[in-house]
Amino acid sequence: MAKRIVILTGAGVSAESGVPTFRGPDGLWEGHRVEDVATPQAFDRDPRLVQSFYDQRRAALAGVQPNPAHHALARLDSAWPHGKDHDLLLVTQNVDDLHERAGSRRMLHMHGDLKSAWCLACDSRTPWTGPLLDAPVCPVCNARGHLRPDIVWFGEMPYHMARIDRALARADLFVSIGTSGNVYPAAGFVDLARKAGADTLELNLDQSMASDRFAQSRLGPAGTLVPALVDDLLGTESSAR
Ligand code: APR
């Protein structure tokens, strides 16, 4: 029976909230090639394009709400025991704030957070809800025009990797939800979890690049599959007590 759980989420968990996934059928992310908006080179080349792209994504968060998948994961977080034997870690690749708005607490944003700004002058990170295009002043060092989105772009190191690796090495269940398995290191978490002896489960709308590396894949919308999984986990846990 699972006691130490690591859950990885991707864009598919927010799709039913109306947040577009990255890899649409046309291969574009909201009309842009990923290389034009999500790399440090793109930011050097055309900072205004990149800032306005992320400003729009940040502003759009006001119009979306957590869906049943986010709520179910928050329910799991509040009910799952902490302790010597039990643990839970939710790792999201998403830069939206829907998991925390639903109430998840034991969670990490490995690809950054739209609602955070990173000052390249003083290296501080500040909660941020407004635009960055108009070159605001850093509230920590007062330098103007050095804030960038606190997003991990392609070619940059994802956040919290040491903590994630430690949790995977101890996990007995790894669940991946709504991710296409295209982007490493997240796409390799299933292999680390298997090496640690964990059971592995994928929930996704359709087959992903990684499906054949999971012990089990369930196909369908996250808004249906995730609440059912959480009911199962909490039901099994309470009958074991
Ligand atoms: N329920 C479950 N899965 C869904 C749903 C849904 N309602 N809708 C879409 N999906 C699945 C798609 O089938 C796809 O496999 O979610 C996956 C989304 O894949 P991507 O768009 O590639 O998103 P993700 O895997 O999160 O991308 C990883 O790539 O661009 C970078 O840094 C960015 O964090 C992002 C990373």
Among the listed residues 115, 84, which satisfies the condition of being over 19 Å from residue 8 (Cβ atoms), basic (Lys, Arg), open to solvent by 20 Å² or more (accessible area, probe 1.4 Å) and part of a strand (DSSP E or B)? 115
Would you pick out the residues in region 1-16 that are open to solvent by 20 Å² or more (accessible area, probe 1.4 Å) and among the hydroxyl-bearing types (Ser, Thr, Tyr)? none
Does residue 193 fit the bill of being under 22 Å from residue 84 (Cα atoms) and either modelled with pLDDT under 95 or not in a strand (DSSP E or B) (or both)? yes
Members of region 12-52 found to be among the basic types (Lys, Arg), in contact with a helix residue (DSSP H, G or I) (Cβ under 9 Å, 6 or more places away or on another chain) and touching a residue at least 24 places away in the same chain (Cβ under 8 Å), listed by number: 23
In region 169-192, what residues are under 25 Å from residue 22 (Cα atoms), aliphatic (A, V, I, L, M) and buried (at least 22 other Cβ atoms within 10 Å of the Cβ)? 175, 177, 186, 190
With criteria (1) in a helix (DSSP H, G or I); (2) within 16 Å of the chain's Cα centre (by Cα); (3) within 12 Å of the ligand (Cβ to nearest atom); (4) under 24 Å from residue 79 (Cα atoms), residue 225 comes up short on (2)
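The values are calculated or read from the model by the stated rules, or taken from the named source; none is laboratory data. If you're wondering where the values come from, they're calculated on a predicted model, not measured in any experiment. We place every Cβ from the backbone using ideal geometry, glycine too, and count neighbours over all the protein chains shown. Keep in mind that these areas ignore ligands, DNA and RNA; they rest on the heavy atoms of the full protein, side chains included. Shrake-Rupley method; radii C 1.70, N 1.55, O 1.52, S 1.80 Å.
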